[in-house]
1. State the Kirkwood hydrodynamic radius of the stretch 55-203 in Å, one decimal place, computed from all pairs of distinct Cα atoms.
2. Classify the stretch 175-225 as rounded, prolate or oblate, taking a ≥ b ≥ c as the square roots of the eigenvalues of its Cα gyration tensor: rounded when a/c is under 1.5, otherwise prolate if a/b is larger than b/c and oblate if not.
3. Show me the ranking of peptides 136-148, 207-219 by mean Cβ neighbours inside 10 Å, starting with the highest.
Amino acid sequence: MHKSGSFSKLIIFLLVLVILLASCSPQRRDYLERVRVLEAGEETSVTEEEVRALEEDIRALTDDVEKIVSSTARLGTLYRMLAVDFFDDGMFGPALEYLDKALRIYPENHVLYYYAALASARIAKTRGDETRRRQGMLEAEYYYLEALRYRPDYRDALYGLGVLYVFELGTPERAIPHLERLVSISESNTDARFVLARAYASIGEYGAAEDQYRSIMDIDADSDAAREAARLLGILQEDNG
């Protein structure tokens, strides 16, 4: 135990020595300083022979660290590729498993969260038990919200979350802020406007729903979307006239 403690102190001392004296790049000095801080608080004295031996050890360890980081990055890429292939083949369980593995390596990747939300929702739809189905949809909500936490203007996640709230969780009022944000940054997104109109109508805001249908008709009067919006607008007005 004493020998191990002395060795640890020697490592710390050498890191300080390298930071102060070695002719290395500013980036390298910063890296070594950050490593030293992790072990701060130790003090010792060493011989020149011990310093030379430890320099060799650190060079070898540095190479090992770089190899591990590179290997982990490749592993993350592999997880992402597997997740996408599983997802495209309709194998949503394995897709979600590898998305979660990839998120452990890249926990701030908004696209991974988005695909995890889609996979969770698809899995939830297969569950016959309503409690388990709702639990799966809530998991999808979590992933969508995480995607938006890292990319607030991520359009696919804004739309997916809106659809989830309106059609799956039955909470249209929660969809409205996300869909309003989406149409504010993508004014010609008729899909989002249809869902937003449905959300407004579901909570009795019929005037706001009508405005969305009219906006769809204004975007392209000759499109199928415009004709469908006109049909739904007529139904809405008839039912609430």
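Here, each number is a calculation from the coordinates, and none is a lab measurement. For clarity, every value in this text was computed on a predicted model and none was experimentally measured. Positions of Cβ are backbone-derived with ideal geometry, glycine not excepted, and every protein chain shown enters the neighbour counts.
1. Working: mean 1/r = 0.0594 Å⁻¹.
16.8 Å is the Kirkwood radius here.
2. Numbers: a/c = 2.25, a/b = 1.31, b/c = 1.72.
Taking the square roots of the gyration eigenvalues as a ≥ b ≥ c, the stretch 175-225 is oblate.
3. Numbers: 136-148: 20.7, 207-219: 18.5.
My ranking of the peptides, most packed first, is 136-148, 207-219.
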